[in-house]
Amino acid sequence: MKSENKLIGTGLLTAITASLCCITPVLALIAGTSGIASTFSWIEPFRPYLIGLTILVLGFAWYQKLKPQKEIDCECDTDEKPKFIQSKTFLGIVTTFAIVMLAFPYYSGIFYQKTEKQIIVVDKLDIKTTEFKISGMTCASCAEHVNHEVNKLKGILNSKASYENGNAIIEFDRTKTNETEIEKSINSTGYKVADKKQIN
């Protein structure tokens, strides 16, 4: 029973660790300390291994729980109900929680409020598009965090951050904001602007 509890605990720990790099930006947003968002980005390269370990450990825990028990001839009373922490229900709860944690990067965008802005453009010549190369983004949650922070600035017409490309393409009205302000906003998330290039 102790080994079963250790398996469940290990499965839970690896699932949380695998998602830590993606959960941190959302927790930082909720806490209002967006600068810590990139704290656990170093975990991202290990994520596939942690996911595999989680599946392996929880799969083995389910195997242990569901395999037929050997009949032992003994006079002792074995009809004792197992503790909740040793039950299939508890293992089911842990497995569900692990799945929710592992899938977090795919639904993390729901935690970022969409910033609806009324944008009035006086002169199309004032519209500028710049690509910012950003280091440290590891998942969709990171990109959403960058978009969320940049959209707080006045004059932002469009912000498309991509963790796959390691960049953000931002369209803005240069009479209301500038590249320096946008760079500060991106850097405030904990991810860093490595380079910038004007597109138009």
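The values are calculated or read from the model by the stated rules, or taken from the named source; none is laboratory data. On a predicted model such as this, the values are computed, not experimentally measured, just so you know. Cβ placement follows ideal geometry from the backbone for every residue including glycine, while neighbour counts extend to all protein chains displayed. Heads up: the accessible areas ignore ligands, DNA and RNA and are worked out on the full protein's heavy atoms, side chains in. Shrake-Rupley method; radii C 1.70, N 1.55, O 1.52, S 1.80 Å.
Things to note:
- Under-5 Å amide H pairs with residue 196, H placed in peptide plane, nonlocal only: 133
- Net charge in the neighbourhood of residue 197 (other residues with Cβ under 11 Å of its Cβ; Lys, Arg +1, Asp, Glu -1) is -1.
- Using a cutoff of 8 angstrom between alpha carbon atoms and counting only pairs six or more residues apart, the relative contact order for the stretch 117-180 works out to 40 percent.
- Separation between Cα centres of the stretch 118-188 and the stretch 49-69, rounded to whole Å: 44 Å
- Among 176-186, 83-93, sorting by the average number of other beta carbon atoms lying within 10 angstrom of each residue, highest first, gives 176-186, 83-93.
- Rounded accessible area of residue 53 (nearest 10 Å², 1.4 Å probe): 70 Å²
- Amide H within-cut-off set for residue 157, under 5 Å, with H built and near neighbours excluded: 171, 172, 173
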